[in-house]
Amino acid sequence: MIEKPKHHIKSVGREAWKRLKDLNDRQQRRRRLLTHEDNPVLYTSINCDDGTLLIPISTNQQPKDAPEGDTEEPEDISCSVFQLRESQFQRDLRLHPYTDTNVGRGGGKQRVQEVAEDIANMTSDRESQETNPLNNNNTNGNGSGNGSGGGSGSGNGSTQSKPKIQPKYSIHRDVLTHEVVIKETGYAARDKSIPSSLRSCWQSWNFFALFTGVIPILQWLPKYSPRRDLAGDVIAGFTVAIMNIPHGMAYGILAGVSAGNGLYMAVFPVLVYLLLGTSKHISIGTFAVASMMTLKVVQTYATVDSTGAPLHVPTNATTTAEPLLLVNATATSLTPPVDAITNLEVVTSLALAVGIVNLLMAFLRLGTLASLLSDPLVNGFTTAAACHVVTAQLKDVLGIEVERYRGAFKIVYTLIDVVKSVPQTNLVNFGFCVGVIIFMVISNECLKPYLSKRCRMPLPAELIAVIGGTLISKCFDLYPQFNVQLVGVIPRGLPEPVLPRLDLLPKVALDSIAIAVVTYSIIMSMGLTFARKHGYEVRANQELFAMGIGNIVGGCFSCIPMACSLSRSVIQDQTGGVSQIASLISASLVVVTLMWVGPFFSDLPRCVLAGVIIVALKPMFMQARELKKFSKQGKLEMFTWISTFLCVVLIDIDIGLLIGICISLLALYIKGLKPYSCLLGYMPEAPGIYMDLNQHRNAMQVPETRIYRYSGSLNFATSLFFRRSLYEAVGLDKMPLSSPSPSRVAGNKTSYSPVSQNGGKVKNGQLVEASDMFKILILDFSMLGHIDVAGCRTLSDLSKELKVRGARLLLASPVDRVYDTLVHSMALSEGPFEIFPTLHDCVEYANACRTA
């Protein structure tokens, strides 16, 4: 009975030890069978760690100590091991009728000898195959590296990365066509009819799963453990709330509305996303890019501010870089415009329109639309949008008044006006803002990294700056004495629900599409980042549905379009947040602030929020360093980044985004228009493995055969490139019509021939071009994902052209959907096509046809 070694107690698992014990039991049973008196069989002994293993040998293999004259052959061997192996081969032969093996075709003694040699080779190592995982197949000097097993080291501590027995395989069967494989495997093409789709949809209908899928909180809340998760969510909620207060006020003012509207963003959309969202770590609320895009819409359509004072007369949309003219003060102070549109009305109507667009995208299953926004596009767009944000804050930094522009080059005209107004700078305002920026930089670069090693909760530098700025403003009366502009009145309590103006929806519809796409891409990218980190799923269409409902509810409660913040999301994850319960706690604290603390921030200087925003935009400006990475990825990626950045900065945010999307799609089309293609050759040591002849110099070309691999899609858009690249690779246009087959070398009909680097072959001391030689063209479609009727027509024309030139077309390894299209096209009088399930089947069939 085998005993468990002591040094394996910790390293050997229960299942592995059970397998080792079963192996020893099988050896013991074989030993009893071989030593039976009625079954005298010659055997050889193999010493193992667990004992001696007896292996039967054939009668023509005598032991070394046997007398030379003894040539008597024993009776036929009837061992249960051999019978089992024989039955297994017979079973495989019945299961695979196209297998061509030598099982059962003669010599029982020879078969016994082969099986005995196989068993001896497999068990001659010090470790069996089942015990290899126990030692991780390594010898580190302390193990059995000095044993006598095949390929083992000499005990010098060298790491063994290969198995002791080099695995080999050999397949003997008939060459199969794809039609035979389809018939024998019982393949059935997928039914694409509308009744079948409706039937499958009805069969998969589950009301409970649908209900819980629409409201994801019902899925994860029952699994929520307060003992395990609540502490982390509470800390994360307090931290995010501390950041939400300054961010909400700052980005609310940036969007063209009051600071209170920015604080509302941390309450109502957050509660909706808590119920309907699928991400557990993103922080819903305000975001600089979304606020800047909202400000552009406000400046375009608003005619009066929240107090009723007129702002400007809307000009023609085609006019570019035209200043927003102020109406005559004497007239407007008495009579407001007839069609007065406030900033808040534009913002709420815009939020409602964005929500409707999100719901339409969710209904149309456009969740994958965010994939159209490539990394260079998003990177360049957000970096350029940060430039717009900083430009909009310069007037608050310097304490000056500048005219507002819209249209192309508005950022350039704004910078020109700011430079002209530098002599009118409010020095107290400017010094206060510079002090806030210095404090924020020191806190972010020095204090926060230092305290993060000693405290779980980060330093609330933004909140300290806001509270400190408010106290300084109250103590020194900055507005009455130094004309430092303040945030203004923040109403106490929560807003009442009011339906937005529906007559503004047609005006803001176009802008709402751009904002919906941008905010969705930001939320989805952040959600996927945290989902990959923590191992859960974020559903794209459900995120669109959550955003749609959140924006509609937010529009009724005086909110701007919702997004998520990168900094707050990272902090929520780092402080231990595990679910959206942290967002619930954060929203509760913001509600407390609005109910009792909100009016305290009415004396907060706007320059303080400007400094907080500018420092918070540092990560967005640091994204410009990614341009070097994009340049290494390819010229199209670098061109996409530069063009998007310049268009957003010089023209406008929405127009620049549209241009960037067009350029990104064009780059995607260019890449898809030129898919990867090459000629394949075989390995001389292992026929059946095919490599790119351009990359593998030692690969050999199959004689009189060209193997062309094409990846991507073959459709009406790529058929021209497919034909051009194929002609260039195989030289089909250079082949003469009905060219006679080249003379074959006697006795070498089935052998492969080496080729030179350019695909030719040395014949009679001269280099013969490959284009004048091949008789069979094989198209490897193993990497072809899609083909349409136009692509099938291209293949049919190619087959006809090859027949004119005395060649033949074969197709190899098509996937099922490609095969279905090929069969459908043959029913429409295209083809016919000769299709094979594997490339090696196709090559062997081509060799048989060539040598026939």
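Give the carbon-plus-sulfur fraction of the accessible surface of segment 683-727 in %, rounded to a whole number; probe 1.4 Å, heavy atoms of protein chains only.
Ligands and nucleic acids excluded, carbon and sulfur give 53 percent.
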Cα lying deepest toward the dipole's positive end in segment 593-724, options Ile663, Phe600, Gly634, charges on Cβ: Gly634
Apportionment of accessible area to carbon and sulfur, segment 343-429, percent (1.4 Å): 68 percent
Rounded to the nearest 20 debye, dipole of segment 442-490 from Cβ charges on Lys, Arg, Asp, Glu: 340 debye
Whole-percent carbon and sulfur share, accessible surface of segment 221-272, 1.4 Å: 68 percent
About the Cα centre, charge dipole magnitude for segment 611-735 (Lys/Arg +1, Asp/Glu -1 at Cβ), debye: 240 debye
Simple spin-label estimate for His786 and Thr368 in nanometres, 7 Å along Cα-Cβ: 0.8 nm
Rounded if a/c under 1.5, otherwise prolate or oblate - segment 403-542, Cα gyration tensor axes: oblate
Fully extended contour minus Cα-Cα distance, from Ser631 to Arg793, at 0.36 nm per residue: 54.4 nm
Restricting segment 634-738 to trypsin sites (Lys or Arg not before Pro) in coil, as DSSP defines it, with at most 10 other Cβ within 10 Å: Arg697
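Quick check: from the Cα gyration tensor, does segment 468-580 come out rounded (a/c under 1.5), prolate or oblate?
oblate
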Lys, Arg +1 and Asp, Glu -1 on Cβ, resulting dipole of segment 601-684 about Cα centre, debye, nearest 20: 460 debye
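The values are calculated or read from the model by the stated rules, or taken from the named source; none is laboratory data. This one's a predicted model, so the numbers in the text were calculated from it and none came from an experiment. As a convention, Cβ positions derive from the backbone with ideal geometry for all residues, glycine included, and neighbour counts pool all protein chains shown. To get the accessible areas, we keep the full protein, side chains included, count just its heavy atoms, and leave off ligands, DNA and RNA. Shrake-Rupley method; radii C 1.70, N 1.55, O 1.52, S 1.80 Å.
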